[in-house]
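Reading through the C-alpha coordinates given below for one structure.
The values are calculated or read from the model by the stated rules, or taken from the named source; none is laboratory data. Bear in mind that the values here come from a model prediction, so they are computed numbers and not experimental data. No Cβ is skipped: glycine too gets one built from the backbone with ideal geometry, and neighbour counts run over all protein chains shown. Please note that ligands, DNA and RNA were not included when accessible areas were found on the heavy atoms of the full protein model with its side chains. Shrake-Rupley method; radii C 1.70, N 1.55, O 1.52, S 1.80 Å.
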Amino acid sequence: MTSAMSIRPVSELPGDPARLHLHYGHGHPAVPFDCEDTLESWYVAVTYGTVGDEGWEDEEEGGHAPAAGSEIGHLILWRLRDDTGDNRWEAADAESGDLEVTVSAVLGRSGRTGYSAAFERAVTHPVGDLLILDRVSLDKAWRGFGLGPALAAEAIRRLSGGCCAVAVFPGMGVYSEDREQVTEAYRLQAKKKISALWESIGFQPFRRGVWLLDTALRRPEELMQARRAQLRALGTAFRQLGSV
(Lines give C-alpha, C1' and ligand atoms only; values in the text may rest on other atoms or scores of the structure.)
Protein backbone atom coordinates (compact mmCIF):
# COMPACT_ATOMS: atom_id res chain seq x y z
CA MET A 1 0.00 0.00 0.00
CA THR A 2 1.69 3.15 -1.15
CA SER A 3 -1.17 5.49 -1.97
CA ALA A 4 -4.72 6.29 -0.97
CA MET A 5 -5.56 5.84 -4.65
CA SER A 6 -5.41 2.56 -6.54
CA ILE A 7 -1.97 2.08 -8.12
CA ARG A 8 -2.34 -1.50 -9.39
CA PRO A 9 -4.56 -2.48 -12.33
CA VAL A 10 -8.08 -3.50 -11.39
CA SER A 11 -7.48 -6.74 -13.26
CA GLU A 12 -5.05 -7.79 -10.52
CA LEU A 13 -7.69 -7.67 -7.77
CA PRO A 14 -8.24 -11.18 -6.37
CA GLY A 15 -11.94 -10.48 -5.78
CA ASP A 16 -14.65 -7.84 -5.61
CA PRO A 17 -13.72 -5.28 -2.92
CA ALA A 18 -17.43 -4.63 -2.37
CA ARG A 19 -17.56 -8.03 -0.65
CA LEU A 20 -15.10 -7.12 2.11
CA HIS A 21 -16.46 -7.28 5.67
CA LEU A 22 -15.05 -5.98 8.94
CA HIS A 23 -15.62 -8.01 12.13
CA TYR A 24 -14.86 -6.43 15.50
CA GLY A 25 -13.51 -8.48 18.38
CA HIS A 26 -12.81 -7.56 22.01
CA GLY A 27 -12.85 -9.77 25.06
CA HIS A 28 -12.23 -9.07 28.73
CA PRO A 29 -12.76 -10.66 32.13
CA ALA A 30 -15.81 -9.60 34.12
CA VAL A 31 -13.45 -8.28 36.78
CA PRO A 32 -10.56 -6.52 35.01
CA PHE A 33 -7.07 -7.00 36.40
CA ASP A 34 -3.75 -5.25 35.86
CA CYS A 35 -4.38 -2.51 33.28
CA GLU A 36 -7.13 -4.18 31.25
CA ASP A 37 -9.59 -1.47 32.23
CA THR A 38 -7.19 1.21 30.96
CA LEU A 39 -5.80 -0.23 27.72
CA GLU A 40 -8.51 -1.95 25.69
CA SER A 41 -7.53 -4.05 22.66
CA TRP A 42 -9.61 -4.41 19.49
CA TYR A 43 -8.91 -6.90 16.70
CA VAL A 44 -10.75 -6.15 13.47
CA ALA A 45 -10.73 -9.05 11.02
CA VAL A 46 -11.21 -8.27 7.33
CA THR A 47 -12.89 -11.13 5.49
CA TYR A 48 -13.95 -11.75 1.93
CA GLY A 49 -17.69 -12.01 2.39
CA THR A 50 -19.07 -14.08 5.24
CA VAL A 51 -19.39 -17.80 5.80
CA GLY A 52 -22.54 -19.07 4.11
CA ASP A 53 -22.78 -15.94 1.99
CA GLU A 54 -24.83 -17.04 -1.01
CA GLY A 55 -26.02 -13.61 -2.08
CA TRP A 56 -23.13 -13.18 -4.47
CA GLU A 57 -22.22 -15.08 -7.58
CA ASP A 58 -18.56 -15.90 -8.16
CA GLU A 59 -17.16 -13.02 -10.14
CA GLU A 60 -14.57 -15.26 -11.75
CA GLU A 61 -15.52 -18.39 -13.65
CA GLY A 62 -12.18 -19.91 -12.76
CA GLY A 63 -13.02 -19.71 -9.07
CA HIS A 64 -9.92 -17.69 -8.17
CA ALA A 65 -11.74 -15.48 -5.67
CA PRO A 66 -11.12 -16.24 -1.96
CA ALA A 67 -13.56 -18.55 -0.21
CA ALA A 68 -16.47 -16.76 1.45
CA GLY A 69 -15.55 -15.83 4.99
CA SER A 70 -11.78 -16.21 4.53
CA GLU A 71 -9.66 -13.62 6.35
CA ILE A 72 -7.62 -11.45 3.99
CA GLY A 73 -6.32 -8.95 6.56
CA HIS A 74 -6.79 -7.36 9.96
CA LEU A 75 -6.49 -4.15 11.95
CA ILE A 76 -5.36 -3.73 15.54
CA LEU A 77 -6.54 -0.75 17.57
CA TRP A 78 -6.30 0.18 21.26
CA ARG A 79 -8.56 2.37 23.35
CA LEU A 80 -6.68 4.20 26.08
CA ARG A 81 -9.32 5.01 28.66
CA ASP A 82 -9.17 8.22 30.63
CA ASP A 83 -9.62 8.57 34.39
CA THR A 84 -9.37 4.90 35.45
CA GLY A 85 -6.84 5.56 38.19
CA ASP A 86 -4.13 3.54 36.43
CA ASN A 87 -0.95 4.99 34.99
CA ARG A 88 -1.73 5.11 31.28
CA TRP A 89 1.92 5.34 30.24
CA GLU A 90 2.78 2.20 32.22
CA ALA A 91 -0.15 0.36 30.64
CA ALA A 92 1.07 1.23 27.14
CA ASP A 93 4.73 0.56 27.91
CA ALA A 94 3.91 -2.91 29.22
CA GLU A 95 2.21 -3.76 25.91
CA SER A 96 4.67 -2.58 23.23
CA GLY A 97 7.33 -0.04 22.32
CA ASP A 98 5.23 1.58 19.59
CA LEU A 99 2.35 2.14 22.00
CA GLU A 100 4.74 3.63 24.53
CA VAL A 101 6.06 6.08 21.93
CA THR A 102 2.54 7.10 20.96
CA VAL A 103 1.27 7.51 24.50
CA SER A 104 4.38 9.39 25.63
CA ALA A 105 3.71 11.99 22.95
CA VAL A 106 0.16 12.72 24.12
CA LEU A 107 0.28 12.42 27.90
CA GLY A 108 1.47 14.75 30.59
CA ARG A 109 4.68 13.88 32.43
CA SER A 110 3.05 11.85 35.20
CA GLY A 111 1.33 9.47 32.78
CA ARG A 112 -1.53 9.19 35.25
CA THR A 113 -3.66 12.29 34.83
CA GLY A 114 -4.15 14.68 31.96
CA TYR A 115 -2.91 15.10 28.44
CA SER A 116 0.17 17.10 27.56
CA ALA A 117 -0.06 20.82 26.85
CA ALA A 118 0.92 20.14 23.22
CA PHE A 119 -1.92 17.66 22.85
CA GLU A 120 -4.40 20.10 24.37
CA ARG A 121 -3.35 22.72 21.84
CA ALA A 122 -3.62 20.27 18.93
CA VAL A 123 -7.07 18.81 19.69
CA THR A 124 -10.36 20.71 19.67
CA HIS A 125 -11.81 19.04 22.79
CA PRO A 126 -8.93 17.28 24.62
CA VAL A 127 -11.17 15.44 27.08
CA GLY A 128 -11.98 11.74 26.94
CA ASP A 129 -10.40 8.51 25.72
CA LEU A 130 -7.74 8.14 23.04
CA LEU A 131 -8.04 5.60 20.20
CA ILE A 132 -4.74 4.28 18.84
CA LEU A 133 -4.47 2.75 15.36
CA ASP A 134 -1.67 0.25 15.80
CA ARG A 135 -1.64 -1.88 12.65
CA VAL A 136 -3.33 -2.33 9.29
CA SER A 137 -2.34 -5.55 7.54
CA LEU A 138 -3.59 -6.98 4.24
CA ASP A 139 -2.58 -10.10 2.36
CA LYS A 140 -0.11 -9.27 -0.40
CA ALA A 141 -2.66 -9.92 -3.15
CA TRP A 142 -4.88 -7.13 -1.78
CA ARG A 143 -2.21 -4.45 -1.37
CA GLY A 144 -1.75 -1.55 -3.73
CA PHE A 145 -5.42 -0.76 -4.37
CA GLY A 146 -5.93 1.91 -1.69
CA LEU A 147 -7.92 -0.42 0.55
CA GLY A 148 -5.92 0.17 3.74
CA PRO A 149 -7.01 3.78 4.36
CA ALA A 150 -10.63 2.97 3.51
CA LEU A 151 -10.75 0.08 5.97
CA ALA A 152 -8.97 2.10 8.68
CA ALA A 153 -11.43 4.98 8.27
CA GLU A 154 -14.38 2.61 8.68
CA ALA A 155 -12.90 1.01 11.81
CA ILE A 156 -12.14 4.40 13.31
CA ARG A 157 -15.69 5.57 12.66
CA ARG A 158 -17.10 2.67 14.67
CA LEU A 159 -14.59 2.60 17.52
CA SER A 160 -13.87 6.28 18.17
CA GLY A 161 -17.09 7.19 19.96
CA GLY A 162 -16.20 9.03 23.18
CA CYS A 163 -12.58 9.52 22.01
CA CYS A 164 -11.22 13.03 21.65
CA ALA A 165 -8.63 11.93 19.09
CA VAL A 166 -7.10 9.00 17.24
CA ALA A 167 -3.32 8.54 17.22
CA VAL A 168 -1.05 6.58 14.92
CA PHE A 169 2.72 6.10 14.81
CA PRO A 170 3.52 5.44 11.12
CA GLY A 171 6.02 2.64 10.73
CA MET A 172 6.95 -0.11 8.33
CA GLY A 173 4.68 -3.07 8.85
CA VAL A 174 5.90 -4.96 5.77
CA TYR A 175 9.56 -5.19 4.80
CA SER A 176 11.10 -6.09 1.47
CA GLU A 177 11.98 -9.76 1.08
CA ASP A 178 15.54 -8.64 0.34
CA ARG A 179 16.62 -7.13 3.66
CA GLU A 180 19.69 -5.57 1.98
CA GLN A 181 17.29 -3.16 0.26
CA VAL A 182 16.07 -1.87 3.62
CA THR A 183 18.46 1.04 3.88
CA GLU A 184 17.82 4.20 5.87
CA ALA A 185 16.73 5.93 2.65
CA TYR A 186 14.34 3.04 1.97
CA ARG A 187 12.84 3.38 5.46
CA LEU A 188 12.41 7.14 5.10
CA GLN A 189 10.70 6.77 1.73
CA ALA A 190 8.42 4.03 3.05
CA LYS A 191 7.54 6.12 6.10
CA LYS A 192 6.73 9.07 3.85
CA LYS A 193 4.36 6.94 1.77
CA ILE A 194 2.69 5.46 4.86
CA SER A 195 2.23 8.94 6.35
CA ALA A 196 0.49 9.98 3.13
CA LEU A 197 -1.98 7.14 3.65
CA TRP A 198 -2.93 8.38 7.10
CA GLU A 199 -3.14 11.96 5.88
CA SER A 200 -5.67 10.80 3.28
CA ILE A 201 -8.17 9.95 6.05
CA GLY A 202 -7.63 12.98 8.28
CA PHE A 203 -4.48 12.44 10.33
CA GLN A 204 -2.09 15.35 10.82
CA PRO A 205 1.51 15.29 12.09
CA PHE A 206 1.75 15.97 15.82
CA ARG A 207 5.16 15.36 17.38
CA ARG A 208 7.77 12.65 17.95
CA GLY A 209 6.61 10.89 14.80
CA VAL A 210 3.02 10.57 16.06
CA TRP A 211 0.05 11.69 13.95
CA LEU A 212 -3.37 12.71 15.29
CA LEU A 213 -6.91 12.68 13.94
CA ASP A 214 -9.17 15.19 15.70
CA THR A 215 -12.56 13.50 16.06
CA ALA A 216 -14.33 16.86 16.54
CA LEU A 217 -13.47 18.00 13.02
CA ARG A 218 -15.65 17.47 9.98
CA ARG A 219 -12.69 16.85 7.67
CA PRO A 220 -12.15 13.16 8.66
CA GLU A 221 -15.82 12.43 7.88
CA GLU A 222 -15.50 14.08 4.48
CA LEU A 223 -12.34 12.12 3.71
CA MET A 224 -13.97 8.86 4.80
CA GLN A 225 -16.83 9.51 2.38
CA ALA A 226 -14.24 10.09 -0.35
CA ARG A 227 -12.58 6.74 0.48
CA ARG A 228 -16.00 5.05 0.30
CA ALA A 229 -16.60 6.56 -3.13
CA GLN A 230 -13.22 5.27 -4.32
CA LEU A 231 -14.00 1.81 -2.96
CA ARG A 232 -17.38 1.76 -4.74
CA ALA A 233 -15.72 2.85 -7.97
CA LEU A 234 -13.10 0.14 -7.60
CA GLY A 235 -15.79 -2.50 -7.09
CA THR A 236 -17.75 -1.25 -10.10
CA ALA A 237 -14.64 -1.34 -12.29
CA PHE A 238 -13.87 -4.88 -11.13
CA ARG A 239 -17.38 -6.13 -11.93
CA GLN A 240 -17.39 -4.41 -15.32
CA LEU A 241 -14.10 -6.11 -16.12
CA GLY A 242 -15.59 -9.46 -15.28
CA SER A 243 -18.61 -8.90 -17.52
CA VAL A 244 -16.50 -8.26 -20.62
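For every residue, the table says whether it meets (1) touching a residue at least 12 places away in the same chain (Cβ under 8 Å); (2) among the aromatic types (Phe, Trp, Tyr); (3) in a strand (DSSP E or B).
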{"residue": "Ala68", "(1), (2), (3)": "yes, no, no"}
{"residue": "Ile72", "(1), (2), (3)": "yes, no, yes"}
{"residue": "Trp78", "(1), (2), (3)": "yes, yes, yes"}
{"residue": "Glu90", "(1), (2), (3)": "yes, no, no"}
{"residue": "Val101", "(1), (2), (3)": "yes, no, no"}
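With respect to Val123, is the statement that it is in contact (Cβ under 8 Å) with a residue 12 or more places away in the chain, within 16 Å of Pro170 (Cβ to Cβ) and not aromatic (Phe, Trp, Tyr) true? Against the criterion (in contact (Cβ under 8 Å) with a residue 12 or more places away in the chain, within 16 Å of Pro170 (Cβ to Cβ) and not aromatic (Phe, Trp, Tyr)), Val123 does not qualify. Restricted to the stretch 68-87, and to residues there that are within 13 Å of Gly128 (Cβ to Cβ) and modelled with pLDDT under 95, the residue that is surrounded by the fewest Cβ atoms within 10 Å (Cβ to Cβ) is Asp83. Of all residues in the stretch 130-151, those satisfying the criterion of being touching a Lys or Arg at 6+ places or on another chain (Cβ under 8 Å) and buried (at least 19 other Cβ atoms within 10 Å of the Cβ) are Leu130, Leu131, Ile132, Phe145, Gly146, Pro149, Ala150.
Report, by residue number, each residue of the stretch 183-202 that is at negative phi, outside any helix (DSSP H, G or I) and in contact with a helix residue (DSSP H, G or I) (Cβ under 8 Å, 6 or more places away or on another chain). Correct list: Ser200, Ile201. The numbered conditions (1) in contact with a Leu (Cβ under 7 Å, 6 or more places away or on another chain); (2) open to solvent by 70 Å² or more (accessible area, probe 1.4 Å); (3) among the small types (Gly, Ala, Ser) are all true for Ala91 except (2).
In the stretch 113-129, which residues are in a loop (DSSP other than H, G, I, E, B) and either among the polar types (S, T, N, Q) or surrounded by 15 or more Cβ atoms within 10 Å (Cβ to Cβ) (or both)? Within the stretch 113-129, Thr113, Gly114, Ser116, Val123, Thr124, Pro126, Gly128 qualify. If you filter the stretch 43-63 down to residues that are at pLDDT 80 or above and open to solvent by 60 Å² or more (accessible area, probe 1.4 Å), you find that the one that is nearest to Leu75 (Cα to Cα) is Tyr43. All of His125, His74 fail the test of being in contact with a strand residue (DSSP E or B) (Cβ under 6 Å, 6 or more places away or on another chain), over 17 Å from Trp198 (Cα atoms) and not small (Gly, Ala, Ser), apart from His125.
Is one or more of the residues making up the stretch 145-161 outside any helix (DSSP H, G or I) and either more than 30 Å from Arg232 (Cα to Cα) or free of Cβ contacts under 8 Å to residues at least 60 places away in the same chain (or both)? Looking through the stretch 145-161, at least one residue is outside any helix (DSSP H, G or I) and either more than 30 Å from Arg232 (Cα to Cα) or free of Cβ contacts under 8 Å to residues at least 60 places away in the same chain (or both).
More than 17 Å from the chain's Cα centre (by Cα), buried (at least 16 other Cβ atoms within 10 Å of the Cβ) and either of a type in the set (Ser, Thr, Tyr) or modelled with pLDDT of 95 or more (or both): is that true of Phe238 in this structure? Considered against the rule, which asks whether it is more than 17 Å from the chain's Cα centre (by Cα), buried (at least 16 other Cβ atoms within 10 Å of the Cβ) and either of a type in the set (Ser, Thr, Tyr) or modelled with pLDDT of 95 or more (or both), Phe238 comes out as no.
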